[in-house]
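Right, one structure below, let's go through it.
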Amino acid sequence: MAITALACSVAYGAVRVEVVAVEAGYTLLRGGQPYLVKGAGLAGVDVATLAARGGNSIRTWGVESAKATLDAAHRHGLTVSLGLPVAPERAGFDYDDHASIARQRRQVLGAVERHKDHPALLAWIIGNELDMGSTNPRVYDEVNELARLIHELDPNHPTTTTISALDRETVDLVRERAPDLDFLSVQAYGALALMPSAVRYLGSGPFMVTEWGPLGHWEVAKTRWGAPIEQHSTEKGRHYLASYRTLIEPFLGPGLGSYAFLWGQKQERTHTWFSLFTERGESTAAVDVLQFVWTGRAPSNQAPVLNSLSLARRFATDSIRLAAGRRYVAKANVVDPDGDHVRYWWRVKPESTETAVGGDLEAPIEDVDGLFVGDAHQAEVVLNAPATAGPYRLYVTASDGRGHAAYANVPFLVYGKR
């Protein structure tokens, strides 16, 4: 893979960033100094929260509000890998349509022209997971052409693209068709476990892990009716720690750093699945873990620890079935490591029917109201099963009143009619 020779001059406050070969493999140099990315994908959370936890960089999936994002990052000493709007085939884009390619190219290069001299800019990310659902390899011919044109406009920042498949065939395809990229970026969740073997071919050139996090909804066990069983927030914290220590940190060298997913909150099958923060902005155990691996120091006050969530004395793996309209007990077992008082929020939602892939947009799911009996802010609550048969999910959030929380959910199936 080509390493772009970057110009020595820095224009209008741009900070020169380059990928260079070193004895251990590769490294980023920013302003002439080694720079290891310790970052996260940001969505709807103040960038100050990342800086306070010891992160040094954020990534985006588009250029909407790019100037505001770059400015905010710069104020807090952070950098930004800016996602450029390159459409995947799964969105209906045709990489044999020259007119569409030309329009997209103008949009991409316009964004580069607008933001290339910002001092917080670290790198350009050309599209996101363009390999997912792709059948036309010409997409990577266009990625290469964009990389070449970006280098002409902006010799101070490297280019990359992200792939979702951590396999040799995809890696080789991208490197063969897009040699002007400065490094390759991989995005993996449970599949990050493949890194010890994948590094044999992935590590032949520089790479970055631009998304990683909990087990994906496509990687977990399911109930008998097909509902994916989500890790709770404490399990996710342990998973982030193990992933970083065993599957990212040992391969820094060819690896240039990583961006955890997601420093914020979003709907993807559930509103909690990839969310490091709650809807109220409370941080979870995985945020504490990221602070620890980035700085070597645990936070002084930590998120509550959730040990279990049960419904009708059963757990998510039990494929829970409830009779419509009947009354049941749900219980969360939570301990706060700092002895803070814990308050609980319970809710029920219908199960998601989405089939979107690649993190594509999903609409929020409304709560089913009026199911809880009495005080629904305790560790143990009583609820009436919904009156309409079908799949649902019970959620609990346990908050410590100091900006931290634990969460869990359990899928259940309602049968019969009240």
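Need pairs with beta-carbon distance below 8 Å; first residue farther than 11 Å from Ile126 by Cα and within the range 137-159, second of a type in the set (S, T, N, Q); sequence gap 6+ or separate chains.
That search, which allows pairs on different chains as well, returns His151/Thr4; His151/Thr159; Pro155/Thr4.
With the checklist (1) more than 25 Å from the chain's Cα centre (by Cα); (2) outside any helix (DSSP H, G or I); (3) of a type in the set (A, V, I, L, M) in hand, flag the one item Leu122 doesn't pass.
Against the list (1) more than 25 Å from the chain's Cα centre (by Cα); (2) outside any helix (DSSP H, G or I); (3) of a type in the set (A, V, I, L, M), Leu122 comes up short only on (1).
Give the residues of the range 271-326 that are surrounded by fewer than 16 Cβ atoms within 10 Å (Cβ to Cβ) and among the small types (Gly, Ala, Ser), sorted by residue number.
Gly281, Gly296, Ala298, Ser300, Ser308, Ala323, Gly325
Count, please, the residues in the range 40-66 that happen to be assigned to a helix (DSSP H, G or I), under 19 Å from Thr278 (Cα atoms) and touching a residue at least 40 places away in the same chain (Cβ under 8 Å). So that I can check it myself, show each step before the final result.
Of the range 40-66, the ones assigned to a helix (DSSP H, G or I) are 47-52, 66.
Within this subset, residues satisfying the condition of being under 19 Å from Thr278 (Cα atoms) are 47-52.
Still in the running and touching a residue at least 40 places away in the same chain (Cβ under 8 Å): 49-50.
So the answer is 2.
Just to check your reading of the model, which residue among Glu89, Glu64 is open to solvent by 20 Å² or more (accessible area, probe 1.4 Å), at pLDDT below 95 and either over 21 Å from the mean Cα position of the chain (by Cα) or among the acidic types (Asp, Glu) (or both)? Steps first, answer last, please.
On the way: Glu89 fails: at pLDDT below 95.
One residue alone meets the criteria, Glu64.
Which residue out of Glu282, Glu249 is more than 30 Å from Ser197 (Cβ to Cβ) and of a type in the set (Asp, Glu)?
Values: Glu249 fails: more than 30 Å from Ser197 (Cβ to Cβ).
That would be Glu282, the only listed residue that is more than 30 Å from Ser197 (Cβ to Cβ) and of a type in the set (Asp, Glu).
Can you tell me how many residues within the range 192-217 are touching a residue at least 60 places away in the same chain (Cβ under 8 Å) and buried (at least 22 other Cβ atoms within 10 Å of the Cβ)?
Looking only at that region, the number is 6.
Do you know which residues across the range 160-191 are farther than 23 Å from Ala40 by Cα, β-branched (Val, Ile, Thr) and touching a residue at least 40 places away in the same chain (Cβ under 8 Å)?
Residue satisfying the conditions is Val174 alone.
If a residue has to be at pLDDT 95 or above and assigned to a loop (DSSP other than H, G, I, E, B) to count, how many in the range 383-418 make the cut? Can you show your working first?
Here is the first cut: in the range 383-418, the ones at pLDDT 95 or above are 383-415.
Next cut, assigned to a loop (DSSP other than H, G, I, E, B) only: 385-389, 400-403.
Residues that pass the stated criteria total 9.
Would you point out which residue out of Gly41, Gly25, Gly83 is modelled with pLDDT under 95, buried (at least 17 other Cβ atoms within 10 Å of the Cβ) and not aliphatic (A, V, I, L, M)? Full working, then the answer.
Working: Gly41 fails: modelled with pLDDT under 95; Gly83 fails: modelled with pLDDT under 95.
Result of the check over Gly41, Gly25, Gly83: Gly25.
Kindly provide the set of residues from the range 341-357 that are open to solvent by 30 Å² or more (accessible area, probe 1.4 Å) and either more than 26 Å from Thr388 (Cα to Cα) or without any contact (Cβ under 8 Å) to a residue 60 or more places away in the chain (or both), ordered by number.
Selection gives His341, Arg343, Trp345, Arg347, Pro350, Thr353, Thr355, Val357.
Taking the range 218-237 as the region of interest, how many residues are assigned to a loop (DSSP other than H, G, I, E, B) and either open to solvent by less than 10 Å² (accessible area, probe 1.4 Å) or within 22 Å of Phe274 (Cβ to Cβ) (or both)?
Counting residues in the range 218-237 that are assigned to a loop (DSSP other than H, G, I, E, B) and either open to solvent by less than 10 Å² (accessible area, probe 1.4 Å) or within 22 Å of Phe274 (Cβ to Cβ) (or both) gives 11.
Which of the residues that make up the range 175-191 are in a loop (DSSP other than H, G, I, E, B), open to solvent by 10 Å² or more (accessible area, probe 1.4 Å) and either under 26 Å from Thr284 (Cβ atoms) or touching a Gly at 6+ places or on another chain (Cβ under 9 Å) (or both)?
Tyr189
Tell me whether the range 67-88 contains one or more residues that are outside any strand (DSSP E or B) and in contact (Cβ under 8 Å) with a residue 60 or more places away in the chain. Even if it seems obvious, please write down each step before you answer.
So the first thing to find is which residues in the range 67-88 are outside any strand (DSSP E or B), and the list is 67-78, 85-88.
Now narrow it down to the ones that are in contact (Cβ under 8 Å) with a residue 60 or more places away in the chain: 86, 88.
Checking the range 67-88: at least one residue is outside any strand (DSSP E or B) and in contact (Cβ under 8 Å) with a residue 60 or more places away in the chain.
Given the condition surrounded by 13 or more Cβ atoms within 10 Å (Cβ to Cβ), within 22 Å of the chain's Cα centre (by Cα) and modelled with pLDDT of 95 or more, answer yes or no: does some residue in the range 363-371 qualify?
Yes: one or more hits.
Go through the range 307-329 and give me each residue that's within 30 Å of the chain's Cα centre (by Cα) and more than 21 Å from Lys222 (Cβ to Cβ). Full working, then the answer.
Initially, the range 307-329 is screened for residues within 30 Å of the chain's Cα centre (by Cα), giving 307-311, 315-320.
Within the range 307-329, just Asn307 meets the criteria.
Are any residues in the range 266-292 of a type in the set (Asp, Glu) and not in a loop (DSSP other than H, G, I, E, B), and if so, which ones?
We begin by selecting, within the range 266-292, every residue of a type in the set (Asp, Glu); these are 268, 279, 282, 288.
Residues satisfying the conditions are Glu268, Asp288.
Being buried (at least 22 other Cβ atoms within 10 Å of the Cβ) and over 11 Å from Met208 (Cα atoms) is the filter here, so list the residues in the range 248-262 that pass it. I'd like the intermediate steps shown before the answer.
Pass one, the range 248-262, residues buried (at least 22 other Cβ atoms within 10 Å of the Cβ): 255-256, 258-262.
Ala260, Phe261, Leu262, listed by residue number.
Inside the range 25-73, can you point out the residues that are aliphatic (A, V, I, L, M), farther than 24 Å from Pro85 by Cα and out of contact with any strand residue (DSSP E or B) (no Cβ under 7 Å at 6 or more places or on another chain)?
Answer for the range 25-73, where residues must be aliphatic (A, V, I, L, M), farther than 24 Å from Pro85 by Cα and out of contact with any strand residue (DSSP E or B) (no Cβ under 7 Å at 6 or more places or on another chain): Ala48, Ala51, Ala52.
Filter the range 379-399 down to the residues that are open to solvent by 60 Å² or more (accessible area, probe 1.4 Å) and out of contact with any strand residue (DSSP E or B) (no Cβ under 6 Å at 6 or more places or on another chain) and list them by number.
Thr388
Name the strands (runs of 3 or more DSSP E) wholly inside the range 293-356 in which the number of residues that are within 19 Å of Tyr415 (Cβ to Cβ) and among the hydrophobic types (A, V, I, L, M, F, W, C) is 2 or more. If you could, list the steps in order and put the result at the bottom.
On the way: elements: 305-311, 320-323, 327-335, 343-350.
Passing ranges, in order: 320-323, 327-335.
The values are calculated or read from the model by the stated rules, or taken from the named source; none is laboratory data. Values in this document were obtained by computation on a predicted structure and should not be read as measured data. When we count neighbours, we look across all protein chains shown, and the Cβ atoms used for this are built from the backbone with ideal geometry, even at glycine. In case anyone asks, the SASA skips ligands and DNA or RNA and just uses the protein heavy atoms, side chains included. Shrake-Rupley method; radii C 1.70, N 1.55, O 1.52, S 1.80 Å.
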